[in-house]
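See structure below.
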Amino acid sequence: MRRFAIALCFATLPVAAIAQQAAPAAPATPAKAQTAAATTPLSPEAAAIKSHVMFLASDAMRGREAGSPEYDIAAEYVASQFFAAGLKPGAAKGGYLQEVPLVAYKPEGEGKLGITRGGTTLPLTYGTDYVPSANPRAKETNLSAPVVFVGYGIVAQQYGRDDYRGVDVKGKIVAFVSGSPSKMTGEERAWLGSPTTKARFAAERGAVGTITLVTPRSDKQRPFAKMVEGIGHTRMTWANPDGTGHVEEGGIPTLATLSLTGAEKLFAGARTSWAKVAKESDKADARFTPEALPATLSATTKTSFAPARSSNVVGVLPGSDPALAKEVVVLSAHLDHVGVSGKADDKIHNGALDNAIGIASLIEEAKRFQKEGAPKRTVLFLAVTAEEKGLIGSDYFANHPTVPASSIIANVNLDMPILTYKFEDMVAFGGDRSTLGPIISRAVAGAGVSLSPDPMPDEGIFVRSDHFRFVQKGVPSVFLWPGQKGPGKAAVEHFMSTNYHKPSDDLSQPIEWEQGVRFVDVNYRIARDIADAPTRPVWNKGDYFGTLFKGPMAP
């Protein structure tokens, strides 16, 4: 699962190809999986799950980073398991691998930013006043335009908020503060607070670029100094034919992030002082007055690109009903993790729970379908690449599906189930947004556990895993986690604080393999119900995401 953060950079770690150029490869070491002794006999189903994780999370896979040779080996392994489970090849040219062209990109140099006011230009200082942003669209970005401040830069009728009300931003650069009001619903807050979403709002109103303003509140959450330290980190997206990076439709370039001192210089002479804006930003439901600032911002930035490649793995179980087989249920999990990095002796991020066990569950669910007979609808099993880089593999598939896009009716995603305890409940992220809700409830009850609400609503987890790329295409989607009743809360907190995106996410953890069998069972029940149901899922009437992305709605 990608890192949690409200206004996050998609890629906080270098891609393998670049990382390997920077440091010599570590000598091969015995896989941790080989030394993890079983303490009690496992059921055949649990042993099968563990066997997949032993391979995928071994040191030999070196963290399965997208673009690395080890990821390619892992993809071939999954393809072989799909074949063994009786799935038909679901990619081009009769194979299981859908090639995903990738491009790694990062800022090149310090860039130049200046503020012109009254005929005088004030240069801003790199690392003190600003850090430049990489532009996946172009090697060089040159832009000069008046600046309009638009508060959070959010438009959300359900919250009575239009941060553009009363200002004209056509042909202008918009400046907005980081994040979003904390009073918003977690899932919607995460989406609305994303710089990508804000850039879309700006583009829809004719703006030509954006800049992000650090506030005292956001500086505590993610210090500007850390942004400066991380400026060389490589980001990734899928590549356009010309070698530039794909960006969401309608977006415009984010030019830079201004520090507190940089923002103060930008606001010099404005009707509203920066001190007043900074003070307001500390409020949970901060409200700002949008205004045209008496300044023109000039920005010149450069972006370097490095091509890479990876693959999604696609297997298909054809439906048995002549009519319903034309509709497709997608089951997904991400195969990649974050590779090799750090200064400790152990630099390999094995990614056992994140997300080797999700892939193992996907494989075992395919075997369960094959064992119990073909469903009425077609089921597509999808192991995606570059989730950790910003849901890139799933985004590529959603934009280049190997089946007709209109045929995809639902997505069930398997991502990072924390299986170090016997779970007593489950959480269905996004399950209450569509008619998948009753299906999920039946499946969870059938497995003997209860369904609980999201215990971490402020994290907005619904928008942070691969299923959201299907949501953006209007497809009702969900993913489940074991819940936090009983021992769950302590176990989840321990994993997130101690092992998440660290080398210690390996087989030395006290993984309860039989809980993996229960996890597979619940997800199988959900997928089977969707695949055999007389009608396709639809979004609940008026649901925010269903309406936003124009999915099929309940009457």
Out of all the residues in region 452-501, which are modelled with pLDDT under 95, touching a helix residue (DSSP H, G or I) at 6+ places or on another chain (Cβ under 7 Å) and β-branched (Val, Ile, Thr)?
463
Please state which one of 286, 270, 203, 207 is among the hydrophobic types (A, V, I, L, M, F, W, C), assigned by TED's automatic domain parsing to the domain that holds residue 171 and crowded, with 22+ Cβ neighbours inside 10 Å.
207
Just checking, how many residues over region 175-210 are of a type in the set (A, V, I, L, M) and in contact with a Ser or Thr (Cβ under 7 Å, 6 or more places away or on another chain)?
4
Which of the residues spanning region 456-504 are under 17 Å from residue 515 (Cβ atoms) and assigned to a strand (DSSP E or B)?
479, 480, 481, 482
Just name the residue that is surrounded by the fewest Cβ atoms within 10 Å (Cβ to Cβ) out of those in region 105-127 that are in contact with a helix residue (DSSP H, G or I) (Cβ under 7 Å, 6 or more places away or on another chain) and closer than 20 Å to residue 269 by Cα.
122
Candidate set from region 368-406 (those that are assigned to a helix (DSSP H, G or I) and either within 17 Å of residue 89 (Cβ to Cβ) or among the hydrophobic types (A, V, I, L, M, F, W, C) (or both)); member that is nearest to the chain's Cα centre (by Cα):
392
Number of positions in region 419-435 that are β-branched (Val, Ile, Thr) and out of contact with any Gly (no Cβ under 7 Å at 6 or more places or on another chain)
2
Is one or more of the residues making up region 408-424 part of a helix (DSSP H, G or I) and either farther than 23 Å from residue 49 by Cα or in contact with a Pro (Cβ under 8 Å, 6 or more places away or on another chain) (or both)?
no
Helices (runs of 4 or more DSSP H) contained in region 126-238 and holding at least 1 residues in contact with a Phe, Trp or Tyr (Cβ under 7 Å, 6 or more places away or on another chain)
186-192, 195-204
Failed item, numbered, when residue 521 is tested on (1) part of a helix (DSSP H, G or I); (2) within 29 Å of residue 181 (Cα to Cα)
(2)
Which count do you get for residues in region 528-555 that are assigned to a helix (DSSP H, G or I), aliphatic (A, V, I, L, M) and out of contact with any Pro (no Cβ under 8 Å at 6 or more places or on another chain)?
1
Looking at 365, 424, can you tell me which residue is touching a strand residue (DSSP E or B) at 6+ places or on another chain (Cβ under 8 Å), in contact (Cβ under 8 Å) with a residue 40 or more places away in the chain and crowded, with 24+ Cβ neighbours inside 10 Å?
365
When you scan region 493-516, do you find a residue that is in contact (Cβ under 8 Å) with a residue 24 or more places away in the chain, more than 17 Å from residue 420 (Cβ to Cβ) and in contact with a strand residue (DSSP E or B) (Cβ under 8 Å, 6 or more places away or on another chain), even just one?
no
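The values are calculated or read from the model by the stated rules, or taken from the named source; none is laboratory data. From a predicted model like this one, the values you see are computed outputs, not experimental measurements. Cβ sites come from the backbone with ideal geometry, for glycine too, and all protein chains shown count toward neighbours.
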